[in-house]
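To start, the structure itself, in C-alpha coordinates.
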Amino acid sequence: MLKIRLRRPVKYRIAFLILMVTVYFIGFNIVPEQLTQTSDQLFLAVVSALYFVLLPLLYWYWVIKIGKQKSWKILVILSLSSLMARLSYPPQIAEYFEFIAWLRFPIIAVLLIIELYLMVSIIKGLWQARKASDDPRLAIIAQYAATVAQDQSNAVKQLRALNTEGASNTDLPKNQMPDDKKLTLGLILATEPASWYYAIPYFSRRHPVSITPLKLLSGQPWHALVIIMCLIAASTLSYMLLDDVSHIAAVFVSGLILYSVVFIAANYRISRYYSLYQKEGKLMINNGIWGFMSIDLTQINELKLGMFTTHMQPQQVGGASEILTIGRGDTANVQLIFKQSQTYYGGMGQLPESFSVVNLIVDDPQVFADALGQIHELRKAY
(Lines give C-alpha, C1' and ligand atoms only; values in the text may rest on other atoms or scores of the structure.)
Protein backbone atom coordinates (compact mmCIF):
# COMPACT_ATOMS: atom_id res chain seq x y z
CA MET A 1 0.00 0.00 0.00
CA LEU A 2 1.33 3.44 -0.96
CA LYS A 3 1.54 5.93 1.88
CA ILE A 4 1.77 9.55 0.85
CA ARG A 5 3.91 11.65 3.18
CA LEU A 6 2.95 15.28 3.20
CA ARG A 7 4.75 18.06 5.01
CA ARG A 8 2.82 20.28 7.40
CA PRO A 9 2.36 23.29 5.04
CA VAL A 10 1.14 21.01 2.24
CA LYS A 11 -1.34 19.29 4.56
CA TYR A 12 -2.83 22.64 5.56
CA ARG A 13 -3.07 23.81 1.93
CA ILE A 14 -4.96 20.65 0.99
CA ALA A 15 -7.20 20.96 4.04
CA PHE A 16 -8.00 24.57 3.13
CA LEU A 17 -8.76 23.63 -0.48
CA ILE A 18 -11.19 20.93 0.64
CA LEU A 19 -12.83 23.29 3.14
CA MET A 20 -13.07 26.08 0.55
CA VAL A 21 -14.82 23.82 -2.00
CA THR A 22 -17.17 22.57 0.74
CA VAL A 23 -18.06 26.10 1.88
CA TYR A 24 -18.78 27.33 -1.64
CA PHE A 25 -20.85 24.21 -2.37
CA ILE A 26 -22.90 24.85 0.78
CA GLY A 27 -23.30 28.51 -0.16
CA PHE A 28 -24.67 27.72 -3.62
CA ASN A 29 -27.15 25.21 -2.19
CA ILE A 30 -28.57 26.86 0.95
CA VAL A 31 -28.74 30.53 -0.05
CA PRO A 32 -32.31 31.22 -1.28
CA GLU A 33 -33.06 33.00 -4.53
CA GLN A 34 -35.20 35.58 -2.70
CA LEU A 35 -35.16 36.90 0.87
CA THR A 36 -38.79 36.35 1.85
CA GLN A 37 -38.45 34.86 5.33
CA THR A 38 -36.38 35.36 8.45
CA SER A 39 -34.78 31.95 7.93
CA ASP A 40 -33.60 33.07 4.49
CA GLN A 41 -31.81 36.04 6.03
CA LEU A 42 -30.26 33.72 8.62
CA PHE A 43 -28.94 31.40 5.93
CA LEU A 44 -27.48 34.40 4.08
CA ALA A 45 -25.78 35.66 7.25
CA VAL A 46 -24.26 32.25 7.96
CA VAL A 47 -22.94 31.90 4.41
CA SER A 48 -21.55 35.44 4.48
CA ALA A 49 -19.70 34.65 7.69
CA LEU A 50 -18.26 31.54 6.06
CA TYR A 51 -17.24 33.43 2.92
CA PHE A 52 -15.76 36.58 4.45
CA VAL A 53 -14.76 35.60 7.99
CA LEU A 54 -13.98 31.90 8.29
CA LEU A 55 -12.23 31.37 4.96
CA PRO A 56 -10.02 34.50 5.13
CA LEU A 57 -9.02 33.73 8.74
CA LEU A 58 -8.12 30.13 7.94
CA TYR A 59 -6.35 31.20 4.76
CA TRP A 60 -4.30 33.68 6.75
CA TYR A 61 -3.24 31.08 9.30
CA TRP A 62 -3.11 27.82 7.30
CA VAL A 63 -1.69 29.12 4.02
CA ILE A 64 0.07 32.41 4.74
CA LYS A 65 1.42 31.88 8.27
CA ILE A 66 2.14 28.14 8.23
CA GLY A 67 3.12 28.14 4.56
CA LYS A 68 5.22 31.32 4.99
CA GLN A 69 3.55 33.07 2.05
CA LYS A 70 3.26 36.78 1.32
CA SER A 71 0.56 38.69 3.24
CA TRP A 72 -0.93 40.28 0.12
CA LYS A 73 -2.14 36.85 -1.01
CA ILE A 74 -5.11 37.26 1.35
CA LEU A 75 -6.61 39.25 -1.54
CA VAL A 76 -6.90 36.00 -3.49
CA ILE A 77 -9.44 34.42 -1.14
CA LEU A 78 -11.30 37.71 -0.61
CA SER A 79 -11.67 38.18 -4.37
CA LEU A 80 -12.78 34.60 -4.84
CA SER A 81 -15.37 34.90 -2.07
CA SER A 82 -16.66 38.11 -3.66
CA LEU A 83 -17.05 36.29 -6.97
CA MET A 84 -18.91 33.42 -5.28
CA ALA A 85 -21.16 35.95 -3.54
CA ARG A 86 -21.90 37.60 -6.90
CA LEU A 87 -22.95 34.23 -8.34
CA SER A 88 -24.79 32.70 -5.38
CA TYR A 89 -26.47 35.58 -3.49
CA PRO A 90 -30.04 36.79 -4.17
CA PRO A 91 -30.19 39.52 -6.86
CA GLN A 92 -30.87 42.37 -4.41
CA ILE A 93 -27.68 41.49 -2.50
CA ALA A 94 -25.58 40.24 -5.41
CA GLU A 95 -25.77 43.63 -7.11
CA TYR A 96 -23.41 45.00 -4.44
CA PHE A 97 -20.77 42.64 -5.84
CA GLU A 98 -21.34 43.77 -9.41
CA PHE A 99 -17.84 45.24 -9.48
CA ILE A 100 -16.57 41.66 -9.80
CA ALA A 101 -18.27 41.41 -13.21
CA TRP A 102 -16.06 44.21 -14.52
CA LEU A 103 -13.07 42.01 -13.88
CA ARG A 104 -13.95 39.92 -16.94
CA PHE A 105 -12.39 42.55 -19.21
CA PRO A 106 -8.94 42.61 -17.57
CA ILE A 107 -9.17 38.82 -17.20
CA ILE A 108 -9.71 38.43 -20.97
CA ALA A 109 -6.78 40.78 -21.59
CA VAL A 110 -4.61 38.77 -19.20
CA LEU A 111 -5.63 35.52 -20.93
CA LEU A 112 -4.61 36.93 -24.30
CA ILE A 113 -1.28 38.12 -22.89
CA ILE A 114 -0.66 34.72 -21.27
CA GLU A 115 -1.52 32.93 -24.51
CA LEU A 116 0.97 35.13 -26.39
CA TYR A 117 3.52 34.57 -23.65
CA LEU A 118 3.06 30.80 -23.95
CA MET A 119 3.74 30.92 -27.67
CA VAL A 120 6.90 32.96 -27.12
CA SER A 121 8.02 30.83 -24.16
CA ILE A 122 7.60 27.60 -26.13
CA ILE A 123 9.87 28.88 -28.88
CA LYS A 124 12.32 30.34 -26.37
CA GLY A 125 12.25 27.18 -24.25
CA LEU A 126 13.02 24.99 -27.24
CA TRP A 127 15.91 27.21 -28.26
CA GLN A 128 17.41 27.39 -24.77
CA ALA A 129 16.96 23.66 -24.23
CA ARG A 130 18.74 22.97 -27.53
CA LYS A 131 21.84 24.81 -26.30
CA ALA A 132 21.73 23.70 -22.65
CA SER A 133 24.40 21.29 -21.43
CA ASP A 134 22.72 20.74 -18.06
CA ASP A 135 19.55 21.46 -16.12
CA PRO A 136 18.78 25.19 -16.71
CA ARG A 137 17.56 25.49 -13.13
CA LEU A 138 21.08 24.85 -11.86
CA ALA A 139 22.36 27.86 -13.74
CA ILE A 140 19.78 30.01 -11.94
CA ILE A 141 20.82 28.59 -8.55
CA ALA A 142 24.51 29.21 -9.30
CA GLN A 143 23.82 32.73 -10.54
CA TYR A 144 21.74 33.51 -7.46
CA ALA A 145 24.45 32.13 -5.13
CA ALA A 146 27.05 34.32 -6.82
CA THR A 147 24.77 37.34 -6.54
CA VAL A 148 24.12 36.70 -2.85
CA ALA A 149 27.85 36.29 -2.18
CA GLN A 150 28.56 39.57 -3.95
CA ASP A 151 25.73 41.35 -2.13
CA GLN A 152 26.93 40.07 1.22
CA SER A 153 30.48 41.16 0.45
CA ASN A 154 29.26 44.63 -0.49
CA ALA A 155 27.07 44.74 2.62
CA VAL A 156 29.99 43.87 4.88
CA LYS A 157 32.16 46.54 3.28
CA GLN A 158 29.46 49.18 3.63
CA LEU A 159 28.69 48.08 7.20
CA ARG A 160 32.34 48.51 8.14
CA ALA A 161 32.35 51.95 6.56
CA LEU A 162 29.20 52.92 8.46
CA ASN A 163 30.59 51.60 11.74
CA THR A 164 33.73 53.60 11.14
CA GLU A 165 31.55 56.68 10.89
CA GLY A 166 29.72 55.75 14.09
CA ALA A 167 26.49 54.51 12.47
CA SER A 168 24.50 51.64 13.88
CA ASN A 169 23.97 48.25 12.19
CA THR A 170 20.39 49.18 11.43
CA ASP A 171 21.58 51.90 9.06
CA LEU A 172 22.54 49.27 6.46
CA PRO A 173 20.57 49.93 3.27
CA LYS A 174 17.95 47.32 2.50
CA ASN A 175 19.06 47.01 -1.11
CA GLN A 176 22.33 45.57 0.15
CA MET A 177 20.57 42.54 1.65
CA PRO A 178 20.06 39.29 -0.33
CA ASP A 179 16.68 39.13 -2.09
CA ASP A 180 15.22 35.68 -2.92
CA LYS A 181 12.50 37.13 -5.17
CA LYS A 182 15.05 37.10 -7.98
CA LEU A 183 15.61 33.38 -7.42
CA THR A 184 11.88 32.65 -7.35
CA LEU A 185 11.31 34.49 -10.61
CA GLY A 186 14.38 32.90 -12.14
CA LEU A 187 13.17 29.40 -11.32
CA ILE A 188 9.77 30.15 -12.85
CA LEU A 189 11.44 31.17 -16.11
CA ALA A 190 13.96 28.29 -15.97
CA THR A 191 11.25 25.65 -15.57
CA GLU A 192 10.16 26.21 -19.17
CA PRO A 193 13.47 25.35 -20.87
CA ALA A 194 14.11 22.67 -18.22
CA SER A 195 10.88 20.87 -19.14
CA TRP A 196 11.81 20.85 -22.85
CA TYR A 197 15.40 19.89 -22.01
CA TYR A 198 14.24 16.76 -20.18
CA ALA A 199 11.18 15.94 -22.29
CA ILE A 200 13.17 15.58 -25.53
CA PRO A 201 15.88 12.89 -25.20
CA TYR A 202 18.14 14.52 -27.81
CA PHE A 203 18.51 17.67 -25.72
CA SER A 204 19.53 15.78 -22.55
CA ARG A 205 21.77 13.22 -24.28
CA ARG A 206 24.90 14.50 -22.46
CA HIS A 207 23.22 14.68 -19.05
CA PRO A 208 24.87 12.70 -16.20
CA VAL A 209 22.98 9.49 -15.45
CA SER A 210 21.62 8.61 -12.03
CA ILE A 211 23.96 7.02 -9.53
CA THR A 212 20.99 4.89 -8.60
CA PRO A 213 17.41 5.97 -9.28
CA LEU A 214 14.99 7.08 -6.62
CA LYS A 215 11.91 4.94 -6.30
CA LEU A 216 9.29 7.31 -7.68
CA LEU A 217 5.82 6.52 -8.95
CA SER A 218 6.29 9.14 -11.66
CA GLY A 219 9.17 7.07 -13.06
CA GLN A 220 6.83 4.26 -14.11
CA PRO A 221 5.83 4.25 -17.84
CA TRP A 222 2.24 3.26 -17.09
CA HIS A 223 1.87 6.19 -14.69
CA ALA A 224 3.04 8.72 -17.29
CA LEU A 225 0.76 7.16 -19.93
CA VAL A 226 -2.27 7.34 -17.65
CA ILE A 227 -1.60 10.99 -16.75
CA ILE A 228 -1.15 11.96 -20.41
CA MET A 229 -4.39 10.22 -21.41
CA CYS A 230 -6.19 12.02 -18.57
CA LEU A 231 -4.77 15.36 -19.74
CA ILE A 232 -5.98 14.75 -23.30
CA ALA A 233 -9.44 13.84 -22.00
CA ALA A 234 -9.51 16.87 -19.68
CA SER A 235 -8.42 19.17 -22.51
CA THR A 236 -11.16 17.89 -24.80
CA LEU A 237 -13.83 18.05 -22.10
CA SER A 238 -12.86 21.59 -21.02
CA TYR A 239 -13.10 22.82 -24.61
CA MET A 240 -16.56 21.27 -25.04
CA LEU A 241 -17.83 22.77 -21.78
CA LEU A 242 -16.36 26.26 -22.23
CA ASP A 243 -16.86 26.79 -25.95
CA ASP A 244 -20.49 27.87 -25.52
CA VAL A 245 -19.48 30.32 -22.79
CA SER A 246 -16.35 31.82 -24.33
CA HIS A 247 -14.39 30.54 -27.29
CA ILE A 248 -11.24 32.36 -26.14
CA ALA A 249 -11.45 30.83 -22.68
CA ALA A 250 -12.13 27.39 -24.18
CA VAL A 251 -9.07 27.54 -26.43
CA PHE A 252 -6.86 28.92 -23.67
CA VAL A 253 -7.89 26.43 -20.96
CA SER A 254 -7.84 23.37 -23.22
CA GLY A 255 -4.51 24.42 -24.75
CA LEU A 256 -2.97 25.03 -21.32
CA ILE A 257 -4.09 21.60 -20.11
CA LEU A 258 -2.75 19.92 -23.24
CA TYR A 259 0.54 21.80 -22.96
CA SER A 260 1.05 20.12 -19.59
CA VAL A 261 1.97 16.97 -21.53
CA VAL A 262 5.46 18.45 -21.91
CA PHE A 263 5.81 18.74 -18.12
CA ILE A 264 4.56 15.18 -17.62
CA ALA A 265 7.05 13.85 -20.18
CA ALA A 266 9.85 15.77 -18.46
CA ASN A 267 8.66 14.57 -15.07
CA TYR A 268 8.75 10.95 -16.24
CA ARG A 269 12.24 11.13 -17.78
CA ILE A 270 13.70 12.95 -14.75
CA SER A 271 12.21 10.41 -12.35
CA ARG A 272 13.36 7.44 -14.41
CA TYR A 273 16.83 8.52 -15.57
CA TYR A 274 18.05 11.62 -13.71
CA SER A 275 16.60 11.50 -10.20
CA LEU A 276 19.89 11.20 -8.30
CA TYR A 277 23.20 12.27 -9.82
CA GLN A 278 26.31 14.28 -9.10
CA LYS A 279 28.15 16.85 -11.16
CA GLU A 280 30.95 19.27 -10.36
CA GLY A 281 30.87 18.61 -6.63
CA LYS A 282 27.09 18.88 -6.35
CA LEU A 283 24.60 16.16 -5.50
CA MET A 284 21.32 16.66 -7.35
CA ILE A 285 18.15 15.13 -5.93
CA ASN A 286 15.27 15.42 -8.39
CA ASN A 287 11.76 14.66 -7.16
CA GLY A 288 10.57 14.79 -10.76
CA ILE A 289 10.11 18.22 -12.32
CA TRP A 290 8.16 19.40 -9.27
CA GLY A 291 10.95 19.61 -6.71
CA PHE A 292 14.73 19.35 -6.44
CA MET A 293 17.75 19.89 -4.21
CA SER A 294 21.25 20.96 -5.19
CA ILE A 295 23.65 19.98 -2.39
CA ASP A 296 27.34 20.71 -2.15
CA LEU A 297 29.00 17.39 -1.30
CA THR A 298 31.07 19.12 1.38
CA GLN A 299 27.82 19.91 3.23
CA ILE A 300 27.00 16.22 3.76
CA ASN A 301 27.96 15.55 7.37
CA GLU A 302 26.88 11.91 7.48
CA LEU A 303 25.40 9.26 5.20
CA LYS A 304 23.55 6.38 6.82
CA LEU A 305 22.21 3.16 5.32
CA GLY A 306 19.43 1.24 7.02
CA MET A 307 15.69 1.37 7.59
CA PHE A 308 14.34 4.79 8.46
CA THR A 309 10.63 5.00 9.12
CA THR A 310 8.72 8.03 7.90
CA HIS A 311 7.22 8.59 11.36
CA MET A 312 10.63 8.85 13.05
CA GLN A 313 10.70 11.55 15.68
CA PRO A 314 12.75 14.60 14.58
CA GLN A 315 14.60 14.63 17.92
CA GLN A 316 16.09 11.25 17.01
CA VAL A 317 18.00 12.78 14.09
CA GLY A 318 20.22 15.64 15.17
CA GLY A 319 17.40 17.76 16.54
CA ALA A 320 16.00 18.47 13.06
CA SER A 321 12.64 20.24 13.21
CA GLU A 322 11.37 18.32 10.19
CA ILE A 323 12.64 15.54 7.94
CA LEU A 324 12.10 15.42 4.20
CA THR A 325 11.46 11.98 2.69
CA ILE A 326 11.72 11.50 -1.07
CA GLY A 327 10.73 8.25 -2.74
CA ARG A 328 7.99 5.68 -2.81
CA GLY A 329 7.78 3.17 0.04
CA ASP A 330 7.04 2.69 3.71
CA THR A 331 10.64 3.09 4.86
CA ALA A 332 13.66 4.97 3.55
CA ASN A 333 16.97 3.16 3.03
CA VAL A 334 19.33 6.17 2.89
CA GLN A 335 19.61 9.09 5.27
CA LEU A 336 21.60 12.26 4.59
CA ILE A 337 22.47 14.55 7.51
CA PHE A 338 23.83 17.97 6.55
CA LYS A 339 26.19 20.33 8.30
CA GLN A 340 23.82 23.20 7.50
CA SER A 341 20.19 23.22 6.39
CA GLN A 342 19.76 22.68 2.66
CA THR A 343 16.96 24.08 0.51
CA TYR A 344 14.39 21.90 -1.19
CA TYR A 345 12.78 23.82 -4.04
CA GLY A 346 9.25 22.40 -4.10
CA GLY A 347 6.39 23.45 -6.35
CA MET A 348 8.79 23.87 -9.31
CA GLY A 349 10.90 26.20 -7.21
CA GLN A 350 8.10 28.34 -5.79
CA LEU A 351 7.84 26.66 -2.37
CA PRO A 352 11.38 26.53 -0.94
CA GLU A 353 11.85 24.79 2.41
CA SER A 354 14.98 24.13 4.47
CA PHE A 355 15.89 20.72 5.87
CA SER A 356 18.90 19.43 7.79
CA VAL A 357 17.96 15.77 7.27
CA VAL A 358 16.72 14.05 4.11
CA ASN A 359 15.58 10.44 3.84
CA LEU A 360 15.78 8.79 0.43
CA ILE A 361 14.23 5.63 -0.97
CA VAL A 362 16.59 4.42 -3.70
CA ASP A 363 16.92 1.25 -5.75
CA ASP A 364 20.41 0.33 -4.51
CA PRO A 365 21.57 2.20 -1.39
CA GLN A 366 25.01 0.53 -1.35
CA VAL A 367 25.78 1.73 -4.89
CA PHE A 368 24.85 5.24 -3.80
CA ALA A 369 27.06 5.08 -0.70
CA ASP A 370 30.01 3.66 -2.67
CA ALA A 371 29.68 6.34 -5.36
CA LEU A 372 29.66 9.18 -2.84
CA GLY A 373 32.60 7.60 -1.04
CA GLN A 374 34.64 7.43 -4.24
CA ILE A 375 33.76 11.03 -5.09
CA HIS A 376 34.82 12.12 -1.60
CA GLU A 377 38.17 10.30 -1.91
CA LEU A 378 38.84 11.87 -5.31
CA ARG A 379 38.09 15.35 -3.93
CA LYS A 380 40.52 14.73 -1.05
CA ALA A 381 43.19 13.55 -3.48
CA TYR A 382 43.00 16.80 -5.42
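Brief remarks on what is shown
- Legend: residue pairs Lys70/Lys215; Lys73/Lys282; Lys215/Lys339; Lys68/Lys279; Lys215/Lys282, Cα-Cα distance threshold 29 Å; pairs beyond threshold, Lys70/Lys215; Lys73/Lys282; Lys68/Lys279.
- The charge dipole of region 211-351, taken about its Cα centre with unit charges on the Cβ atoms of Lys, Arg (+1), Asp and Glu (-1) only, comes to about 440 debye.
- Carbon/sulfur fraction of accessible area - region 5-65, other protein chains in place, 1.4 Å, %: 69 percent
- Cβ-Cβ distance of Gln350 and Ile93, R₀ of 30 Å, FRET efficiency by 1/(1 + (r/R0)^6): the value works out to about 0.25.
- Phi-derived couplings, Karplus 6.51 cos²θ - 1.76 cosθ + 1.60 at θ = phi - 60°, listed residue by residue for region 292-299: 7, 10, 10, 10, 5, 4, 6, 8 Hz, with x used for Gly and Pro.
- Förster-model FRET efficiency, 25 Å R0, Glu280 and Glu302, C-beta, rounded to 0.05: 0.65
- Karplus-derived 3J(HN,Hα), 6.51/-1.76/1.60, for each residue of region 61-75, Hz, glycine and proline x: 7, 6, 9, 7, 6, 5, x, 6, 9, 6, 5, 5, 5, 4, 5
- Take each peptide in 40-46, 188-194, count the other Cβ atoms within 10 Å of every residue, and average; sorted highest first, the result is 188-194, 40-46.
- Potential extension, Val46-Asn29 segment - 0.36 nm per residue separation minus Cα distance: 4.9 nm
- Length-normalised contact order for region 1-91 - Cα pairs under 8 Å, 6+ apart - percent: 38 percent
The values are calculated or read from the model by the stated rules, or taken from the named source; none is laboratory data. These numbers come from a predicted model, not from an experiment. Note that each Cβ is placed from the backbone with ideal geometry, even for glycine, and that neighbours are counted across all protein chains shown. Please note that ligands, DNA and RNA were not included when accessible areas were found on the heavy atoms of the full protein model with its side chains. Shrake-Rupley method; radii C 1.70, N 1.55, O 1.52, S 1.80 Å.
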